[in-house]
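The values are calculated or read from the model by the stated rules, or taken from the named source; none is laboratory data. Owing to the predicted nature of the structure, the values given are computational and were not obtained by experimental measurement. So basically every Cβ, Gly included, is an ideal-geometry build from the backbone, and we count neighbours across all protein chains shown.
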Amino acid sequence: MTGKIRGISILALLSALAAPPALAQSAAPSTAQPAAPQAADASQLEEIIVTAQRRQQNLQDVPLAVSSLGASDLQDRQIRDTIDLIQHIPNLIGNNNVGLGSSNTYYIRGIGNTESIATQDVPVGTYVDDVYISRQNANNFGLFDVERIEVLRGPQGTLFGRNTTGGAINVIMKKPSATAGGYLEAGAGRFGETDIRASMDAPLSDKVLTKVSMYRNRSDGYVRQVNTGDKLNGSDNYGVRGAVRLLPTDRVTIDLAGDYVDENEANLINRVDPATGDRIATIGITQGALAKYFTGTKANNEVGNSTKSWSLSSNAAWELDDLTLNSITGYRQTTQRYFIDSNPAAPNPIATGVSPILNYSLHQQWSQEFKANGQALDNRLNYTVGFYYLHENNWTDLGTGVGTASGFTVSGDRTIKNTLDSYAHYAQGDYK
């Protein structure tokens, strides 16, 4: 620390000594050519645009606790999945939920929920392009072609809905560009890991812009299942997204997007084998061994977690003189299967057995929002008003128990069906 302070002091001294001659030289008459314009002051803060109040604003003007990461930040910090945010966002705590690699549980300011079952809502909401993702089952999605991510701390219920008591994670995807181009990147790592990401902008005309993005990553896993020798806690994920931007007039913009994501990733409980030093899974029951105890297709689930989801969304914006109207529509469907162990205390997974959780679920959601952002009273009043509707259909076939393949006790085997209809009106304004 002393050396650093000394170095800074010497730099300051040299700058002070150099300043008078420079000033004297500029004050003297000169017949030289005019100097080139000086570059902008590097000490000035870069303007960061966010939509934390459901309208575009400079981050410095937003009276909220917001952390914003742009595309370059995500690249520099190697944030590949939403779970990686917990390493970089202050006050955001999280982990994979109950061993599910596709599901994240978040805590902001100490408020969170570890349940991914459809009968419980989470207090930290996740949004993609202003469309709310109602279930945790697939909120750990791979980040590809993202414009920025905003993490809002504190209750955000007025503008982001009732499930944001702790805060909100808002993902904004890149929109199609008017210039053709794209990128391709690839990487490799230990345990057979490979990662490929690509995107291409292909405008069809000045009024029809298109974009296609994809990602693919996989790894062999680093945990060995002792009774089969299989590698666990690996990944095999891919996703593709298409987007279209329509510009029928100077005042109307219509953004359409669709994606499909297939995730096969688990985070099964494991420990170090003292004999070999390898990591071994505590789960000692293989696929199909519990079929005689449980009903339904869940009894034959493979060890691990598999989630498939697809979504469609549209955002139509109409700009008037002092008013912007938006119609935001979203549909998402998620199917999930998993077979995981919930007993971390078992010292010998074959001898003492497991406490497995088997699940096969289907989740469907549809939402519609109408929003208006405007200014009035000589631009002294900024306001946002809107209407929101959400409908859900959830079907969950769930099984739990404890024991071994030869002696097993079922503690739960049930099918849960629940629907949801949620309506909301909201309004917020600020007057200067």
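Quick notes on this one:
- When residues in the stretch 184-210 are screened for being under 30 Å from Thr249 (Cβ atoms) and either within 20 Å of the chain's Cα centre (by Cα) or polar (S, T, N, Q) (or both), 3 of them pass.
- Residue, nearest to Gln428 (Cα to Cα), within the stretch 357-371, restricted to residues that are touching a residue at least 40 places away in the same chain (Cβ under 8 Å) and surrounded by fewer than 16 Cβ atoms within 10 Å (Cβ to Cβ): Phe370
- Of Lys432, Lys417, Lys371, all but one fail to be at pLDDT 95 or above, closer than 29 Å to Trp318 by Cβ and of a type in the set (Lys, Arg); the exception is Lys371.
- Scope the stretch 112-155; condition without any contact (Cβ under 8 Å) to a residue 40 or more places away in the chain and not hydroxyl-bearing (Ser, Thr, Tyr); matching residues: Asn113, Glu115, Gln120, Gln136, Pro155
- Within the stretch 158-200, the set of residues being more than 22 Å from Phe141 (Cα to Cα), outside any loop (DSSP other than H, G, I, E, B) and modelled with pLDDT of 95 or more comprises just one member, Gly181.
- Flag for Ser116 being within 22 Å of Ser355 (Cα to Cα), of a type outside the set (Phe, Trp, Tyr) and within 13 Å of the chain's Cα centre (by Cα): no
- Strands (runs of 3 or more DSSP E) contained in the stretch 40-128 and holding at least 1 residues closer than 30 Å to Leu362 by Cβ: 92-97, 100-108, 124-128
- Which numbered condition Tyr215 fails, given (1) closer than 28 Å to Ala316 by Cα; (2) surrounded by fewer than 17 Cβ atoms within 10 Å (Cβ to Cβ): (2)
- Residue match in the stretch 67-87 (condition: over 24 Å from Arg216 (Cα atoms) and not β-branched (Val, Ile, Thr)): yes
- Within the stretch 290-311, being farther than 29 Å from Ala257 by Cβ and either in a helix (DSSP H, G or I) or among the polar types (S, T, N, Q) (or both) holds for Thr295, Thr297, Lys298, Ala299, Asn300, Asn301.
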